[in-house]
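Report on the following structure.
The values are calculated or read from the model by the stated rules, or taken from the named source; none is laboratory data. Treat the numbers as computed from the prediction; the structure is a model and nothing was measured. With ideal geometry, Cβ positions are generated from the backbone for all residues, glycine too; neighbour counts draw on all protein chains shown.
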């Protein structure tokens, strides 16, 4: 307990108390104090081994990947769905929109609950909902209304990957590690969007039902991983720091079960936390409208970039109507290359490096806005790529032109790191 610390980042070390100047401090690679403050507790997610942390990160990345994968996988089968439901292309296109609409409600329903009962139980329940809904989309003989309702439930179950994934990454990461890890997480969603089209186009060569079958299988794998490999990461940090570094160590205080010490299926509140209201996320949505700078930024991103990327993805079958669904799916590969390019040069580890450099010039003070500089080239390249892709389709240029310009599309992953830091 009284072991002094050096400047390494060993998981067994703990941050010194401000009341004990005899101890050295733990620093990040840039020489700044580690943030958030770790404890000496082996159950503290910040002290877990690298393999355990990346197990958690891999599961949430896979969850986020499937969230977007399920929305785009049916796109190459739209023409088959038209025949199945005797619907128009516009009506079939709504099956994509309704699943995306369902994604809104996942974070709102789980945001407050996850900060009270934990991330893991919310992941298990929402994954089960997405798994059940995915299986129902393969039912033969149903009408388009039932199919759209099932797609909506798919979105509701999958949507929690947004907030729960970021929360889990936040729980297991120091601030100087978040850019890279959030970059991997955001890249997973981008790859899910594009690979959904690629593999959806290949699977539809059997029939449109196999599109639903393989998504269901993917969610079954996620459910098993969540139940058996994902530990609870919500940690009563403030309470444990007060016990460990406070003016008086109260050793007689009741033991708090936390993280890996919790029951296999925990349905009780995690002790030692400040509990938010369950409806708090719904209230925050409306309160945000009182901050024009936030609203304008969100609207600019949603309607200035994300809207158009999604729109172009849904009209891709019409843009290449003479090609088979398999070829249409393969045309998403250009977007995949663009995502990988953006992860290397516009977010992820590059974002972490930029923050450390700027913090060194700012008296070792990190600011969330430091991550936003890499968003500007990403936004510019996205706009150029969308415009030139549209021109290439309108003028019937060679398909490779669309692939090259499609590489310029991406969603700035460094915005996720900005959200965590702030």
Looking only at region 97-126, and only at residues there that are modelled with pLDDT under 95 and not in a helix (DSSP H, G or I), the one that is surrounded by the fewest Cβ atoms within 10 Å (Cβ to Cβ):
104
Against the condition surrounded by fewer than 19 Cβ atoms within 10 Å (Cβ to Cβ) and in a helix (DSSP H, G or I), how does residue 213 come out, does it pass?
yes
For region 264-281, what are the residues that are over 23 Å from residue 241 (Cα atoms) and free of Cβ contacts under 8 Å to residues at least 40 places away in the same chain?
264
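For residues that are farther than 19 Å from residue 215 by Cβ and surrounded by 24 or more Cβ atoms within 10 Å (Cβ to Cβ), tally how many sit in region 127-166.
Summing the residues that are farther than 19 Å from residue 215 by Cβ and surrounded by 24 or more Cβ atoms within 10 Å (Cβ to Cβ) in region 127-166 gives 1.
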Could you say whether any residue in region 148-160 is part of a loop (DSSP other than H, G, I, E, B), more than 26 Å from residue 306 (Cα to Cα) and in contact with a helix residue (DSSP H, G or I) (Cβ under 8 Å, 6 or more places away or on another chain)?
no
If residue 62 satisfies all but one of (1) closer than 27 Å to residue 185 by Cα; (2) over 29 Å from the mean Cα position of the chain (by Cα), what's the number of the condition it fails?
(2)
For region 368-398, how many residues meet the condition of being within 16 Å of residue 306 (Cα to Cα), exposed (fewer than 14 other Cβ atoms within 10 Å of the Cβ) and in contact with a helix residue (DSSP H, G or I) (Cβ under 9 Å, 6 or more places away or on another chain)?
3
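Inspect region 338-350 for any residue being modelled with pLDDT of 75 or more and either under 30 Å from residue 97 (Cα atoms) or out of contact with any helix residue (DSSP H, G or I) (no Cβ under 6 Å at 6 or more places or on another chain) (or both) and give the result as yes or no. Break it down stepwise before answering.
Taking region 338-350 first, the residues modelled with pLDDT of 75 or more are none.
No.
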Restricting attention to region 44-74, which residues are without any contact (Cβ under 8 Å) to a residue 40 or more places away in the chain and either outside any helix (DSSP H, G or I) or under 16 Å from residue 197 (Cβ atoms) (or both)?
49
Which of the residues that make up region 75-96 are within 30 Å of residue 282 (Cβ to Cβ) and either in a loop (DSSP other than H, G, I, E, B) or in contact (Cβ under 8 Å) with a residue 60 or more places away in the chain (or both)?
93, 96
